[in-house]
Every structure is written in structure tokens, then in C-alpha cells.
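What follows is a single structure, written as C-alpha cells, with notes after it.
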Amino acid sequence: MESRFLVTRALPMALAGLTACTTGAADHGMEQECPATHCVALGERQQVWRDLAITPLEVIEDSRCPADVQCVWQGRFRLSARLDLGDETITAEIESGKPMRIHGGFLSIAELAPATLHQGKPPRAKDYRFAFGFAPDVMNEVAE
């Protein structure tokens, strides 16, 4: 039981360290750097696992705390995305820090850029970059 807990809880959290991605608008005073093989913009597709691909469509919420502000709440980031699951396509909402159970595993936002917000300089839609991670639920595969 304990090993299943570790796999289903710890493995998705480990996805956050798999890729690196930082970007932003040069006129916003942020660095613009993002490996093309890992990060995608809104409307761009990323193949994350076998027959699972994701296309970020729209930023629903970016209430993360700016770096130059002291906040009582960390905030959150929510994204609307199209998920291509082989022969099925769905639209789903994904929240950073909360892996989504789908397609026999856990899908998460592994990297989000810009990583740091600045007060009074909100990112524009075209400034965002994303890298997604997928961790198959190995305990589920063993049980089948």
C-alpha cells in the first residue's frame, strides 16, 4: 500500500524537474529563453506520451504572486488545453502543481514561463511558454 502511495503521489511531482524553460517579453524586462524541443506556446502542440498530445489553448488564470510583492496567497495558474488521446480529442483545464489523472497516468505542467511575474507587467498571451510532463501509472499497469 505504501509503495503505491509513493508511485501515485511522488512520481507526478517529480515531473517538475524534467525540463527547463524560461521566457518572457524582452520589452517587459524578462529574459527570453526556452528550448524549442521542450516548450510550446499557446496553439502549439506537444507530444507528451505515445498517443497523448497536448495543445495549450488559453490562459484561464494567472494569479501567481509577483516576485516584487509580498503575498499571503501563492496564487495559481490554470490553462485550457486540447488533449489528443489517439482516437479521441477533449478539452480540459490543467492547473499547475496539480497533476491530472488521464490516459493511464498523470499529466502536469512541468514548466511554465515566465516563471516569475512582475507587478504592473502582466505577461501577454504570446509571452507564455509551457512544457508538459506525463508519468504513466505503473501500479495501474501492473494491476492489469
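Readers should treat all values here as calculations from the given coordinates under stated rules, not as data from a laboratory. Note that this is a predicted model, so its numbers are computed, not measured. Ideal geometry is used to build each Cβ from the backbone, glycine not excepted, and the neighbour counts take in all protein chains shown.
Quick notes on this one:
- A simple spin-label model places pseudo-atoms 7 Å from Cα toward Cβ; at VAL138 and LYS126 they are separated by 4.4 nm.
- Compared with the alpha-carbon gap, the fully stretched path from GLN74 to ILE102 is longer by 7.5 nm at 0.36 nm per residue.
- Summed side-chain charge close to ALA125 - residues other than ALA125 whose Cβ falls under 12 Å, Lys, Arg +1, Asp, Glu -1: 0
- Within segment 56-120, the GluC sites (Glu not before Pro) that combine a DSSP coil assignment with at most 10 other C-beta atoms in a 10 angstrom radius are GLU88.
- Qualifying trypsin sites (Lys or Arg not before Pro) in segment 39-126, DSSP loop, other Cβ atoms within 10 Å at most 13: ARG45, ARG50, ARG124
- Between ALA41 and ASP87, the contour length at 0.36 nm per residue exceeds the alpha carbon distance by 14.2 nm.
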